[in-house]
Each structure stands twice: as structure tokens, then as C-alpha cells.
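Engineer: Take this structure, written in C-alpha cells, and hold onto it; I'll ask about it next.
The values are calculated or read from the model by the stated rules, or taken from the named source; none is laboratory data. Just so you know, these numbers come straight off a predicted model, no measurement behind them. Positions of Cβ are backbone-derived with ideal geometry, glycine not excepted, and every protein chain shown enters the neighbour counts. Just so you know, the surface numbers come from the protein's heavy atoms only, side chains and all, with ligands and any DNA or RNA stripped out. Shrake-Rupley method; radii C 1.70, N 1.55, O 1.52, S 1.80 Å.
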Amino acid sequence: MTAFPDIDRIRFEGRDTDNPLAFRRYDPDREIAGRSMRDHLRFASCYWHTMRNELADPFGVGTAQMPWDDGSPSVENAIRRVEVFFEFLEKIDIDFFCFHDRDIAPEGDSIASSEENLDKVVESIEARMKETGKKLLWGTACLFTHPRYASGAATSPRVEAFCHAAAQVKAALEATHRLGGEGYVFWGGREGYGSLINTDLKRERAQLARLLHAAVEHKHRIGFEGQFYIEPKPKEPTTHQYDSDVAACLGFLREFDLLDHFKLNIETNHAWLAGHTMEHELESAMEADALGSIDANMGEWTNGWDTDHFPTDPMLCARIMRCVLRMGGFTTGGLNFDAKRRRESFEPMDLFHSHIAGMDAMAHGLEIAAAIQADGSIDEFVRHRYASWDGTLGTKIMAGDCSLTDLRDEAERVGEVPLESGRQEMLENMFNRFL
Ligand code: XUL
Ligand code: CO
């Protein structure tokens, strides 16, 4: 059986090709800045959008054509999807994937039957991984779809919901471990509130921390060595999510003594919803040595939802890849396309067009970022801008050796501050030279 009979493996054909089913920028084995493009970018396709998103929106039903899917919640149907997904990964030449427990396997009518369903599908995924060499970037549990989580999962006012969430995390973590996953993500889709009028915020945050601690304990118990990540998002579907942005996550992890166990999986569209740029979020995480992985997508500035567009803007991708290069590249992380085709792009072929667009834009971003890094002028400007801090006085201040009184005397001694232009526009223009 083939789900995509008209599509061959997508290959690099170069800048001048007019074949839309070819890469123009992404040349997987090309060396750039010390690694192959494949190793820099570590692309992943996500099961929930690629295989399960029917492309419905609040005003209309799903439009996605999925002739391989009979629409039933059976394990057989779930296993058929696995076959299609791996054919897709092979043809698009993506090495990694990500999933939620409920994307890959149907929930049963008891905890035990849900675990059994998951086991069966994981077995078929494991077999396809062995055959194809594809790898799991991260797994996660869907703690936001079922009505039992309407008021939160770990942060629910009902203790029973907390137990169900824990059961799902346990099974999803074990599945991730079995599949050799390099990471495990916690996205707290309902871990927040609709209104504070019915919410005990202090309890809810403590409950969330408790679930995360229990997961850390279980990770050690089963010997899972992958990286744990939190994925910040400010809102939608909640009014406010407790892990609203990188700064909030870092504060939360420090407060509850979890920072040693977690890094962050940062998503562009979530950064924008929080009113930040993606670079702001990436830099804030990097500064705390907590940048782990990226959900590569973008939003639509004009409508303000989490629309999960494929990232097709080379400028955005260049900014992201500059951060990744500055961090020294991914270790366990990668670029997961948490992105979906538009509702109008409903043909199976659009799965290819959308991923190709994202992969080429990210590869373009990598080329730009590598050229900026090799040139070094922007980095040099920033270093020079802070050079006074590298002198004797700056070093002494930062070592904590100057009281306010000492500093007052220094101010008298050094005289007026030499004013220097920040040259923002010159630097922005310098950046543009590399596009
Ligand atoms: C939702 C979102 C999730 C996480 C995984 O906005 O980004 O799909 O990436 O749960
Ligand atoms: Co995401």
C-alpha cells in the first residue's frame, strides 16, 4: 500500500529548480558551520498535525483528505496511520517525529485498555523505526482534550483528574522511553484558568509542580535519560497559562526546585501570543542554559491566534538559527514543525508542500545565520559596546567589590559618560546584507 503514489522522495535540486516538490535550499548533507544541514536542523514532523489534524476551524468542519483513515477509533486504523506516517517521513526526508499518546492510539474505556492500545501502536511504531532509522525527538501526553480536564489536568480542582493525568504521563513517558525518545515535553494546555473568580492559583501551581516532581522520580525509576522540557504558552485555550512565557517558566522551575531537570521547548507562535519576539524567548532561555528544543512555526500577526502556520519567513528563520548557532547547536533538541496546513490546503500533497516550505525556509535561515556568524561584524559590535565592563573598574564592580559609596566616588573620578550611538539601523542593514 502507498498513500502517496504520485510522490517520490523529495530531493535537493538547487536554487534554480522550478519543481515545487524539490528542496531549493535544504541540502541535507551539505556542510555549513561545521555540521551537515541535517544535523543542524534536526527536523521533526508532528503526528498530531500531520496525521490527525482534519483542518476544522471554529466555523467549519475538517477538509483534510485522508483516504487511508476510516475515521474509526480502532487500533487497526491507528496502525494503518503509522504506515502512512513513516512513508511520509521517508519521502519528505525528515529524520525525527513527535507525538501525543492520544494522537497515536485511541483512549480505551479504562486506564488498562488505554495502556493496552498504546502498547500495540507503539509496537508497530517501534518496528517501523527499526526499518527506516527514523527517531523520536520527543513524546508527550495529551492532557487537554478530554472533558475530565476541562478545569485543568494537574491543576484541576478535582484530585481524580490529577490521578488520570499522572496515569497518562506514566504511560506516555514509558512509551517515549521504549522508542528511544531524546526528550519528553510538558505542555500545560489547561494548566491555567479561565477566570480567577473560581480559581485557587496558589494550590494549582503547587499541584502542577507536584506532577512534574513525580514525573522526574519516574524518569529515574525507569532509567529514561532523555531531556524533559516545558513548552511555554501564555493562553488559548486558557485565559492564562501558568507556564506563560520563558521568564515565568524559569521562575516556576526555580521556585519549585525543578530547574535541574527541565529545559524549554520554545514555540514561535506562543512567543508571539505572549507579546514577545521568538529571539527574546530563545535568548532568555539560553541565558539560563535552558534552551532545549524548538517548535518551529509562526503565527499570523493580524489575527492573534495560535494558528500554527509553517515557518516560511526567511528573516524569522535566520533570527532563530542565529540563536541556535550561538548556543552551539542542538543536543537533544531539534526543529519540530508544530505546524499545520491551511484549511484550504486539504490534499495529501499539501503535507509535502507545507513541510518543504518550512524546511527550505529554515535551511535558508541557517545559511543566513552562518554567514552572519562567519562575518562576525555584528557580534564584534556588541562585544565592543560593552568593552568598558571588561576593564578593571567593571570587573571590580561585577565581583561585588564596590559599595554604593565606592561607586559614588568612582562616578566623581571617571567623569561624564562618553556617549556612543547604538547604531541599530546600521546593524539591521548589515543583517539584511546576508539575506
Ligand atoms: C499547543 C502546542 C502543543 C504542544 C504539545 O499550542 O503547541 O501541540 O506542542 O502538546
Ligand atoms: Co507546540
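Engineer: Mind pulling up the Rg/Rh value for the chain? Radius of gyration and Kirkwood radius, both on Cα. Each step should come with its number before you reach the end.
Structural biologist: Details: Rg = 23.5 Å, Rh = 23.4 Å.
Value, to two decimals: 1.01.
Engineer: Determine, from the Cβ-Cβ distance of T302 and I222 and an R0 of 56 Å, the FRET efficiency 1/(1 + (r/R0)^6), rounded to the nearest 0.05.
Structural biologist: Numbers: r = 46 Å, r/R0 = 0.82.
Efficiency computed from Cβ-Cβ geometry: 0.75.
Engineer: Can you give the FRET efficiency to the nearest 0.05 for N77 and S421, using r as the Cβ-Cβ distance and R₀ = 45 Å? Numbers along the way, then the final one.
Structural biologist: On the way: r = 63 Å, r/R0 = 1.40.
Once the sixth-power term is evaluated, E becomes 0.10.
Engineer: Could you give the length gained by full extension between M315 and W389, i.e. 0.36 nm per residue of separation minus their alpha carbon distance, to one decimal place?
Structural biologist: Values: separation 74, 0.36 × 74 = 26.64 nm, distance 3.16 nm.
Once the chain is fully extended between M315 and W389, it gains 23.5 nm.
Engineer: I need the fraction of alpha carbon pairs in segment 247-301 separated by more than 19 Å, rounded to a whole percent.
Structural biologist: Details: 376 of 1485 pairs.
Roughly 25 percent, rounded to a whole number.
Engineer: Can I ask one more? Roughly how many whole Å is it from the C-alpha centroid of segment 203-268 to that of segment 20-43?
Structural biologist: Segment 203-268 and segment 20-43 have Cα centres separated by 32 Å.
Engineer: Here's something else I'd like to know. Please figure out what share of the DSSP beta bridges in the chain is antiparallel and state it in percent, rounded to the nearest 5.
Structural biologist: On the way: 6 of 32 bridges.
Within the chain, antiparallel bridges account for around 20 percent of the total.
Engineer: Under unit Cβ charges (Lys, Arg +1; Asp, Glu -1), what dipole magnitude, rounded to 20 debye, does the chain have relative to its Cα centre? Please report the intermediate quantities before stating the final value.
Structural biologist: Values: 48 positive and 74 negative charges, 92 e Å.
About 440 debye.
Engineer: Sticking with this one: Under 17 Å Cα to Cα from K91, which aspartates and glutamates show up? Leave out anything in the same chain fewer than 8 places away.
Structural biologist: Partners within reach: D6, D8, E13, D27, D29, E83, E131, E347, D350, D360.
Engineer: Given N residues in segment 381-433, what is Rg(Cα) / (2.2 N^0.38 Å)?
Structural biologist: Numbers: Rg = 15.2 Å, N = 53, 2.2 N^0.38 = 9.9 Å.
Rounded to two decimals, the normalised Rg is 1.53.
Engineer: Now for a different question. Which one of G394, L427, G415 has its Cα pushed farthest toward the positive end of the charge dipole of segment 381-433, where Lys and Arg give +1 and Asp and Glu give -1 at the Cβ?
Structural biologist: Towards the positive end, the residue furthest out is L427.
Engineer: Also: Quick one: angle between helix 201-222 and the longest Cα principal axis of the chain, in degrees between 0 and 90, rounded to 10, please.
Structural biologist: Roughly 70 degrees between the two axes.
Engineer: As an exercise, identify the trypsin sites (Lys or Arg not before Pro) in segment 352-435 lying in DSSP coil whose Cβ has no more than 15 other Cβ atoms within 10 Å.
Structural biologist: Working: sites: R383, R385, K396, R408, R413, R423, R433; in loops: R423, R433.
Here the sparse-neighbourhood loop sites are R423, R433.
Engineer: Moving to a separate point now. Roll a 1.4 angstrom probe over the protein heavy atoms and tell me the percent of accessible area of segment 381-433 that is carbon or sulfur. Walk me through the numbers on the way to the answer.
Structural biologist: On the way: 2520 of 4640 Å².
Carbon-and-sulfur percentage of accessible area, whole number: 54.
Engineer: Let me ask you something else. To the nearest Å, what is the center-to-center distance of segment 369-383 and segment 411-433, using C-alpha atoms only?
Structural biologist: If you average the Cα positions of each part, the centres end up 16 Å apart.
Engineer: Taking the Cα centre as origin and putting +1 on Lys and Arg beta-carbons and -1 on Asp and Glu beta-carbons, what dipole magnitude results for segment 381-433, to the nearest 20 debye? Working shown, then result.
Structural biologist: Values: 7 positive and 10 negative charges, 58 e Å.
Dipole size: approximately 280 debye.
Engineer: Further question: K120 label point, 7 Å along Cα→Cβ, cut-off 16 Å on backbone N: hits in segment 52-72?
Structural biologist: Answer for segment 52-72: 70-72.
Engineer: Put a dot 7 Å past each Cα toward the Cβ at D379 and T2; how far apart are the dots in nm?
Structural biologist: Roughly 4.5 nm, to one decimal.
Engineer: Which chymotrypsin sites (Phe, Trp or Tyr not before Pro) does segment 14-84 hold that lie in a coil by DSSP with at most 16 other beta carbons within 10 Å? Working shown, then result.
Structural biologist: Details: sites: F23, Y26, F43, Y47, W48, F59, W68; in loops: Y26, F59, W68.
Listed in order of number, the matching sites are F59.
Engineer: Given the Cα-Cα distance of N19 and E279 and 0.36 nm per residue of separation, how much length would full extension add, in nm?
Structural biologist: Numbers: separation 260, 0.36 × 260 = 93.60 nm, distance 3.26 nm.
That pair, N19 and E279, stretches by 90.3 nm at full extension.
Engineer: Roughly what angle does helix 278-287 make with the longest principal axis of the chain, taking Cα atoms, 0 to 90 degrees, to the nearest 10?
Structural biologist: The helix 278-287 is inclined about 70 degrees to the chain.
Engineer: Right, here's the next one. What is the distance, in nm, between label points placed 7 Å from the Cα along the Cα-to-Cβ direction at R35 and at S195?
Structural biologist: The answer from the label model is 4.8 nm.
Engineer: Another question, then. Mind checking segment 368-435 for GluC sites (Glu not before Pro) that DSSP puts in a loop (not H, G, I, E or B) and that have at most 13 other Cβ atoms within 10 Å?
Structural biologist: Values: sites: E380, E410, E412, E416, E420, E425, E428; in loops: E416, E420.
In loop regions of segment 368-435 (DSSP not H, G, I, E or B), the sparsely surrounded GluC sites (Glu not before Pro) are E416, E420.
Engineer: How much accessible surface area, in Å² rounded to 10, belongs to the heavy atoms of F330 with a 1.4 Å probe?
Structural biologist: Number for this one is 10 Å².
Engineer: Solvent-accessible area of M66, probe 1.4 Å, all protein chains present, reported in Å² to the nearest ten, please.
Structural biologist: Surface open to solvent at M66 totals about 30 Å².
Engineer: Which of R158, R190, R25 moves the most in a Gaussian network model of the chain with Cα springs under 10 Å?
Structural biologist: Maximum among the listed residues: R158.
Engineer: Can you give me the solvent accessible area of S388 with a 1.4 Å probe, rounded to the nearest 10 Å²?
Structural biologist: For S388, the solvent-accessible surface is approximately 90 Å².
Engineer: Now, a different point. Between A371 and R11, what FRET efficiency follows from the Cβ-Cβ distance if R0 is 25 Å, with the result rounded to 0.05? Mind dumping the intermediate values first?
Structural biologist: Details: r = 24 Å, r/R0 = 0.97.
For R0 = 25 Å, the calculated efficiency reads 0.55.
Engineer: Among S377, S284, G304, whose Cα sits farthest toward the positive end of the charge dipole of the chain (+1 at Cβ of Lys/Arg, -1 at Cβ of Asp/Glu, about the Cα centre)?
Structural biologist: Ranked along the dipole, the leading option is S284.
Engineer: Could I ask something else about it? Only helical DSSP H runs with n ≥ 4 go in: add -39500 (n - 2.57) per run for the chain, normalise by residue count and round the 222 nm mean residue ellipticity to 500 deg cm²/dmol.
Structural biologist: Numbers: 16 runs with 198 residues, N = 435.
Only helices count here, giving -14000 deg cm²/dmol.
Engineer: Kindly flag which residue pairs out of K170/K202; K170/K340; K120/K170; K263/K396 have an alpha-carbon separation exceeding 23 Å in this structure.
Structural biologist: Working: K170/K202 25 Å; K170/K340 28 Å; K120/K170 16 Å; K263/K396 32 Å.
Over 23 Å apart, Cα to Cα: K170/K202; K170/K340; K263/K396.
Engineer: Moving on. Relative to the longest principal axis of the chain, what angle (0 to 90°, nearest 10) does the C-alpha long axis of helix 348-375 take?
Structural biologist: 20 degrees
Engineer: Roughly speaking, what is the stretch gain from T132 to A167, that is 0.36 nm per residue apart minus the C-alpha to C-alpha distance, in nm to one decimal? Kindly include the intermediate steps, with their values, before the conclusion.
Structural biologist: Working: separation 35, 0.36 × 35 = 12.60 nm, distance 3.06 nm.
My answer for the length gained is 9.5 nm.
Engineer: Which is farthest toward the positive dipole end of segment 1-145 among A44, A141, S74, measuring Cα position about the Cα centre, with Cβ charges +1 (Lys, Arg) and -1 (Asp, Glu)?
Structural biologist: Going by the charge dipole, the pick is A44.
Engineer: Using only the Cα atoms of segment 301-435, build the gyration tensor, take square roots of its eigenvalues as a ≥ b ≥ c, and label the shape rounded, prolate or oblate: rounded if a/c is under 1.5, else prolate if a/b is larger than b/c, else oblate. Spell out each step's value before the answer.
Structural biologist: Values: a/c = 2.95, a/b = 2.68, b/c = 1.10.
Here segment 301-435 falls in the prolate category.
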